[in-house]
Every structure is written in structure tokens, then in C-alpha cells.
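Comments concern the structure below.
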Amino acid sequence: MSDIETVETTSPEVAAVWDNVLGVVRSEVNEPTFKTWFSQATPDSFVSGTLRVVVPNDFTRDWMQDRYHGLVSSALRQVTGREAAVVFSVGSVSASIGSPDAEPESGLASTDARPSAAPTQEDDPQLDPSCTFETFVMGASNQFAYQAALAVAETPGVAYNPLFVYGGVGLGKTHLLKAIGNYAREHHPHRRVRYVTTEQFLNEFVRSIADKDRQRIEGFRRRYRMSDILLVDDIQSIAKKEGTQDAFFHTFNSLRDAGRQIVIASDRPPSEIPTLEERLRSRFASGLIVDVQPPDLETRIAILRRMADSERVPSGTTVPDDVLSFIAERVSSNIRELHSALLRVVFYGSYGKKAITLDLCEQLLRDIFPERSSRPISISTIQQEVCRFYGVNRADLVGSKRSQSFVYPRQVAMHLSRELTDLSFPRIGAEFGGRDHTTVMHATNKIQRLMGEHRDVFDQVQMLSGSIRQKS
Ligand code: ADP
Ligand code: MG
């Protein structure tokens, strides 16, 4: 491209012309049409009476060329007061060269070697290439989320829109978001994928309006509204600040109206994000909401196996199965922790040139999993921790009061006694005010069921079991 064109391309004058053109167009078409087709169109250059307008994809270009070319051209002539034409193109230069309405522009066609169908994908360093569907281990705990994410990656904007994935920390939400992005990269190279954390989105938005710089606001709008697939992570951190939810709401609407895919991740469901405005909550509910649960033992072992065989672990290092099981049995709720426990063992093994054995593993992880090496856990420690956690005294915990505020902690304590000690049901019953063994069995069954059904129960029991282990 010649210098002159470059100058013209970046001229704010082009933006002003386009703004005026949009004013005319807006009065001629209805609002949904305007939003759908014109909100993602941005002016690129205005050379020799030809305004180049960039649109996000071939489909939009053809559609606009077909239906709105006349309207836009005449608006342009009206605005500039001279003979002028418009060209719609995908990507920044001249996809529509040769279109009958474009004025032939000397030099442009011959110097621009980029094909009109050139991928418009920006390289997004945040789309960590190791996070793919292939490297994600599917199990009962995450299969719905996995399948929904894959469906969305295969047919963006069609399957579920938006897709909302929630679940506890370290359970693979970000991995799935990036897997969608990487999949689209590979299989739909013409689609623009944008991965962003909610915090980044909000920061960019705030910066774009802070200096009242039109170009910047435009840049922000364009970046987001031209995405074909927008992946928004950690939506729970959305702030209740004037304007920011507005910006997100409008971005969301304009993308969805245009059939673009939106995928959102959160550490909790929309109903539990207190700062989330109602209108956004209901938008999220209009798509598919899926959760990821903590993986079961089998899946944890499979994940560790996958990690141990991947390039995250130095080649030539072998990690025996009993070591993997040892770690998987003890780290139950967070995959990131599984990973760091494994790395710790692998690192010491290769650094100290020692074979990785169960012994080495037990030694190294003693401070993370103390129960193997220290005294057995006692029922009194369990009772003490449960009492502290729920704010009840020990007499009531083992006593006969049947109010829910005692029964529930009592059942949790019995369940933990069964999980963390080798004591039999009758022995545990004896420690809880001489109760029958069937009472203890009932309690453990009930808590297990509640843990499966309610995330907060699960979290409480996990937390308690961690603190009991530390105290022992
Ligand atoms: P979240 O976003 O839910 O907090 P991440 O997606 O960041 O969790 O996952 C934490 C780590 O665990 C990442 O390194 C990720 O690649 C890995 N991971 C999570 N789930 C799986 C899985 N099912 N299979 C393989 N790796 C996983
Ligand atoms: Mg995450």
C-alpha cells in the first residue's frame, strides 16, 4: 500500500464520514436491522471517492452488498456532496475489488496481494495452546460441560447461546473456554475468537471512555462486536458499577442478535452473583447453564496420568501408578492442586536423580497430606473441629437434642469420623453419646447424598476434613 492510502486509512475524517452515513441509514432502516448489520461495520478508508467498509465475514459482506449497497452509497453521496461509492470488505483491505459499483482505484488492486478470504484471526496469546479438548479428561463430573463446550465449538452461534459454565476453582472452566477458542482457530480460521477475563473487559471499557477519545471507544466496540466467538472468563467478578454492566449488556446483545457465540465462565451460578444485574442474569438463563463438579477418584487418576505423560513433566520421567493413586486419593477438589502435587514429586525426583516411588512421594507430600505420617486422627479432634466450625458445644453435639442446628453438625461429625478414622460404626456410635450403629450409617449416607446435591455441603465437609487433618 502506498503512504497516501495509509494516511487516509487512519484519518479520523473517515470515521466522521461514516458516522454521518450511519445517521442517514439509521433513519431508513428499522432498529434490529441496523443493529444486526451496521453495528459491526467499520470504515477503513476513503480513497478517490470509494469508502471501504469492513464487515466481519463473507456472509455479512454479501448480504450488505445485496441489500444495502444502494442505500449506503446514496447516503454517502448525500453526506459528502459528491459522487461516491461504497465497498464492503472482509478484513482491512479490498475484498470487494472488482465489484461493479466500486470505482476502479489505480494501484490498489495491483499492490494488494492479500486474498479477500485471508483469515482475520488476531493472535491471542491468552489462548494457551495446551488447553484443548484433547487434553481435557472427561469424567462424570464434567461431561455435560465438556459436551456443551464441544457442541458450541463445532457450531458456534447455533448450539447453545450463551453457554454458561460454572463450578469451583480449578475444575477446568478456563480450560474449556480456551479449548473452544483453540478449536475454532483450527476448524473455523475465519472466525474471530476473543478470550477475555471480565476484569480485562471492564478495564478496557473504562480506559476507552476515560479519555473521551472517539477512536478508542470505537476501537473497543469494534474489537468486541466483531468477535464471532467471545469467551468471557470469571464473570463473577463483574462489578456493580455504573456503565460497566451496561457496556457488557450491549456487547452481549449485539453479538447475540448477530448470531455470534458467547461463552461465559463463573465460579458460581448466575443466581449467586450478587453484583449481577437482573437483565444480565435473565440473558444468561436464556442459553444453557452447565456446571463442572469436582472429579471422582477415577477421573483424578486419569487426569494425573495425562499430566504425567504430557510435556508438563520432563521426558524420561516415569511416575508409577501407585504414586498417582496416592496423590489422587488425597487431593480431591482441585485439579490445579493435583497438578502441583505431581510436579513437586516429579521435580524432586528428577532434581535429586531419584526414582519416583511411593516412599519418596509420601516424604515429599507429608506437609500437604499429614495424615499418613502422623498419629491417627482421633474422634475427639473431629468433634472439636466440627463444634468450632458450627459454633455448638460438645455436650450438644453428642447429646440428644434433635433440633436441626445440632442434628446436622452431629451427622457431619459422624460422617467425618467414618471417613477419617478406621473405627467401626458401633465404635463411632459409642463416641456420640452411645448411639446405635444404624444411626451412624444413616448419618454418613445422608451427608454423602447432601454432598452430591449441594455444593456448599460439599465445600464445608472438605474444609472440615482439611482442618482436622492439619490438627492431627
Ligand atoms: P478453573 O478455570 O475452573 O479454575 P482451570 O481451567 O484453570 O480451572 O484448570 C486448572 C488446571 O487444571 C489447568 O491447568 C487445567 O488445564 C487443568 N484441568 C482442569 N480440568 C481438567 C481436565 N478435566 N483434564 C485435564 N486437565 C484439567
Ligand atoms: Mg478459571
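The values are calculated or read from the model by the stated rules, or taken from the named source; none is laboratory data. Worth saying up front: this structure is predicted, and the values here are computed from it rather than measured. FYI the Cβ positions are ideal-geometry reconstructions off the backbone, even for glycines, and counts take in every protein chain you see. Protein only, heavy atoms only, side chains kept; ligands, DNA and RNA dropped before computing areas. Shrake-Rupley method; radii C 1.70, N 1.55, O 1.52, S 1.80 Å.
Do we have Leu288 as open to solvent by 20 Å² or more (accessible area, probe 1.4 Å), in contact with a strand residue (DSSP E or B) (Cβ under 8 Å, 6 or more places away or on another chain), more than 16 Å from ligand 2 (Cβ to nearest atom) and under 30 Å from Asn57 (Cα atoms) here?
yes
Please enumerate the residues belonging to region 136-164 that are open to solvent by less than 60 Å² (accessible area, probe 1.4 Å), within 16 Å of the chain's Cα centre (by Cα) and in contact (Cβ under 8 Å) with a residue 40 or more places away in the chain. Those that are open to solvent by less than 60 Å² (accessible area, probe 1.4 Å), within 16 Å of the chain's Cα centre (by Cα) and in contact (Cβ under 8 Å) with a residue 40 or more places away in the chain: Phe136, Asn142, Ala145, Ala148, Ala149, Val152, Pro156, Asn161, Pro162, Leu163, Phe164.
For first residues located in region 62-77 and free of Cβ contacts under 8 Å to residues at least 40 places away in the same chain, partners that are assigned to a helix (DSSP H, G or I) and not β-branched (Val, Ile, Thr) and lie 6+ apart or on another chain with Cβ distances below 8 Å form the pairs Trp63/Trp37; Met64/Trp37.
Of everything in region 257-310, what is among the small types (Gly, Ala, Ser) and away from ligand 1 (no atom under 13 Å from the Cβ)? Give them in sequence order. Passing the criteria: Ala258, Gly259, Ser271, Ser282, Ala285, Ser286, Gly287.
Results for (1) among the hydrophobic types (A, V, I, L, M, F, W, C); (2) near ligand 1 (Cβ under 7 Å from one of its atoms), shown as yes or no for each residue.
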position	(1), (2)
Pro129	no, no
Phe133	yes, no
Phe136	yes, yes
Ala145	yes, no
Tyr160	no, no
Asn182	no, no
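For region 325-344, which positions are aliphatic (A, V, I, L, M), at pLDDT 85 or above and either closer than 15 Å to Arg366 by Cα or away from ligand 1 (no atom under 16 Å from the Cβ) (or both)? If the condition is that a residue be aliphatic (A, V, I, L, M), at pLDDT 85 or above and either closer than 15 Å to Arg366 by Cα or away from ligand 1 (no atom under 16 Å from the Cβ) (or both), then Ile327, Ala328, Leu338, Ala341, Leu342 are the ones that fit. Scanning region 76-84 finds no residues that are within 15 Å of Thr33 (Cα to Cα), among the acidic types (Asp, Glu) and open to solvent by 10 Å² or more (accessible area, probe 1.4 Å).
Can you find a residue that is modelled with pLDDT under 85 and open to solvent by less than 40 Å² (accessible area, probe 1.4 Å) anywhere in region 441-452? Taking every residue of region 441-452 in turn, at least one turns out to be modelled with pLDDT under 85 and open to solvent by less than 40 Å² (accessible area, probe 1.4 Å). Consider region 12-22 and keep the residues that are under 18 Å from Arg82 (Cβ atoms) and touching a residue at least 12 places away in the same chain (Cβ under 8 Å). The one that is most open to solvent (accessible area, probe 1.4 Å) is Glu13.
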